[in-house]
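The values are calculated or read from the model by the stated rules, or taken from the named source; none is laboratory data. Predicted model, so just to flag it, every value in this text is computed and none were measured. A quick note on method: Cβ atoms are made from the backbone with ideal geometry, for glycine too, and the neighbour counts reach across all protein chains shown.
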Amino acid sequence: MNTEQIKAVDHQCVLQTYARAPFVLQRGQGLRVYDTQGKAYLDFVSGIAVNALGYGDADLLKAVAEQLVRLIHVSNLYYTIPQTELAKMLVDRSFADKVFFCNSGTESVEAALKFARKWAKTTHDPNKTDVLAFSGAFHGRTMGSLAITPRPHYQDPFRPLMPGAKFARFNDLASAEELMDDKTCACIVEPLQGEGGVIPADRDFLQGLRQLCDSNGSLLIFDEVQCGLGRTGTLWAHEAYGVTPDLMTLAKPLGGGLPVGATLMTQAVADTIEAGDHASTFGANPVVCAAAQVVFTKVSAPEFLEHVREAGSYLGERLADLAGKHDCIVQARGRGLIWALETNIDVAPLIEAGYDAGLLTCSAGPKVLRLLPPLVVQEAELDEAVAILDKAFGLVQ
Ligand code: PLP
């Protein structure tokens, strides 16, 4: 099929839940992806914060290829070596004592919600089932995670949602204090909101939530699906805050592009979960775990994280220059290698101008342009992307 035929058949056969870019991507190498016409695009989306190592990382490919030949899948009825090794890596390098594996970010949130409810029912009260979440949050699209993602456009067509979701204002501790009560089993928050516009939590806010959860007998869940695993320049985004959660959700970059999710928890939570309480057929199969071990080993290395911080502060400076040059940019904000340009214009034409010039970017709300380069990005590529954006802003203003 040629490019136009692929697009036509996609429209005919694939449920159109995405407004796709107007080209068909065929291969990737390094920081670039190539479409069916052979056109190259510098990728500052990374499959939405997934491809931390870019495309074609030799160690990742080797590990996956070897595991593909050895054993692809057997289900979680059996022990497998790659899963056990991955779990040990995650536990050794985090607050957590135990990991539950699944296949995506939304599933990792569903698991966290279920575990929080089971913990609260077991250790406190069967009616302690409510969940406190925040304005601007994004936790996923399945029924539990959707219920704590407060966007009418996402939620309204699918009501009734999971009951017991309450929303306080992000970075407003007093509003959380008002809503937290005996029925609250957990409070879930992104240490840095990604889809919500690349907005970091304030230090006092996260620390205050920790205390609030402790005094209320509720669990604190950090959703690090987008901001975790090195994206902000520390292995865990919450490291910058001096607080640890009771549960943490991970996904996106963990599998190096293969689907995996993980819900990490303390022993106190794990103690309330029994065999049969939750499950996943595919969760952390041997191939995904072989990939994840390579990703985790690389992104958790101190020199890798140092690179993310350095590249991130360089990008921040370049974006601040850009903001000084173009009146429609209200603010450049970010941490590590997740950045946003908040504008006072619709960013869709900017994204399209990027496509024309060979750059992939995405939005985080109608007026916010989001940049999520692979974490292995170098200064030359950051310069290249900023130069393209400079021209694109010039075109659309
Ligand atoms: N949580 C956060 C913070 C996210 O950013 C996302 C996806 O963007 C999700 C959960 C859902 O992840 P997935 O799309 O893998 O289900």
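Condition first: modelled with pLDDT of 95 or more and in a strand (DSSP E or B). Can you find one or more residues in the stretch 309-326 that meet it? Full working, then the answer.
Keep residues of the stretch 309-326 that are modelled with pLDDT of 95 or more, which gives 309-326.
Remaining after also requiring in a strand (DSSP E or B): none.
No - not one qualifying residue is present in the stretch 309-326.
When the residues of the stretch 234-254 are filtered to those that are buried (at least 24 other Cβ atoms within 10 Å of the Cβ) and closer than 25 Å to Gln331 by Cβ, the one that is nearest to the ligand (Cβ to nearest atom) is Lys252.
Yes or no: the stretch 112-121 includes at least one residue that is under 19 Å from Gln226 (Cβ atoms), within 16 Å of the ligand (Cβ to nearest atom) and surrounded by fewer than 22 Cβ atoms within 10 Å (Cβ to Cβ). No, the stretch 112-121 has no match at all. What number goes with the only condition from (1) more than 29 Å from Asp271 (Cβ to Cβ); (2) within 15 Å of the ligand (Cβ to nearest atom); (3) of a type outside the set (S, T, N, Q); (4) out of contact with any Gly (no Cβ under 7 Å at 6 or more places or on another chain) that Phe134 does not pass? Looking at each condition in turn, Phe134 falls short on (1). Checking Asp125, Asp204, Asp181 one by one, the residue that is more than 11 Å from the ligand (Cβ to nearest atom) and in a helix (DSSP H, G or I) is Asp204 and no other.
Of all residues in the stretch 372-397, those that are outside any helix (DSSP H, G or I) and under 17 Å from Asn344 (Cα atoms) total 1. Just so you know, in the stretch 335-349 the residues that are in contact (Cβ under 8 Å) with a residue 40 or more places away in the chain and of a type in the set (Val, Ile, Thr) include one that is farthest from Arg309 (Cα to Cα), and it is Ile345. In the stretch 35-55, the qualifying residues are those that are within 24 Å of the chain's Cα centre (by Cα) and assigned to a strand (DSSP E or B), and the one that is surrounded by the most Cβ atoms within 10 Å (Cβ to Cβ) is Asp43. Residues of the stretch 295-324 that are buried (at least 20 other Cβ atoms within 10 Å of the Cβ), β-branched (Val, Ile, Thr) and either touching a Cys at 6+ places or on another chain (Cβ under 7 Å) or closer than 20 Å to Val91 by Cβ (or both): Val295, Val299. Looking only at residues of the stretch 218-231 that are within 11 Å of the chain's Cα centre (by Cα) and under 18 Å from Ala137 (Cβ atoms), we find that the one that is farthest from the ligand (Cβ to nearest atom) is Arg231.
The sole residue among Val189, Val260, Val198 that is in contact (Cβ under 8 Å) with a residue 60 or more places away in the chain, in contact with a helix residue (DSSP H, G or I) (Cβ under 9 Å, 6 or more places away or on another chain) and either buried (at least 23 other Cβ atoms within 10 Å of the Cβ) or closer than 19 Å to Val99 by Cα (or both) is Val260. Of the listed requirements (1) assigned to a helix (DSSP H, G or I); (2) under 23 Å from Lys88 (Cβ atoms); (3) aromatic (Phe, Trp, Tyr), Phe282 misses just one: (1).
Ile81 - would you say it is within 16 Å of the ligand (Cβ to nearest atom) and surrounded by fewer than 19 Cβ atoms within 10 Å (Cβ to Cβ)? No. Of the set (1) more than 24 Å from Val33 (Cα to Cα); (2) in contact with a Lys or Arg (Cβ under 8 Å, 6 or more places away or on another chain), all apply to Asn285 but (2).
For Asp156, the stated conditions do not hold, so it cannot be described as of a type in the set (Asp, Glu) and assigned to a loop (DSSP other than H, G, I, E, B).
Okay, residues lined up against (1) without any contact (Cβ under 8 Å) to a residue 40 or more places away in the chain; (2) surrounded by fewer than 19 Cβ atoms within 10 Å (Cβ to Cβ); (3) not acidic (Asp, Glu):
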| position | (1), (2), (3) |
| --- | --- |
| Leu90 | no, no, yes |
| Phe95 | no, yes, yes |
| Gly105 | no, no, yes |
| Thr123 | no, yes, yes |
| Phe138 | no, no, yes |
| Arg141 | yes, yes, yes |
| Arg151 | yes, yes, yes |
| Arg159 | yes, yes, yes |
| Phe167 | yes, yes, yes |
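Answer with yes or no whether Thr244 is within 24 Å of His124 (Cα to Cα), of a type in the set (S, T, N, Q) and under 14 Å from the mean Cα position of the chain (by Cα). Judged against the criteria, Thr244 is not a match.
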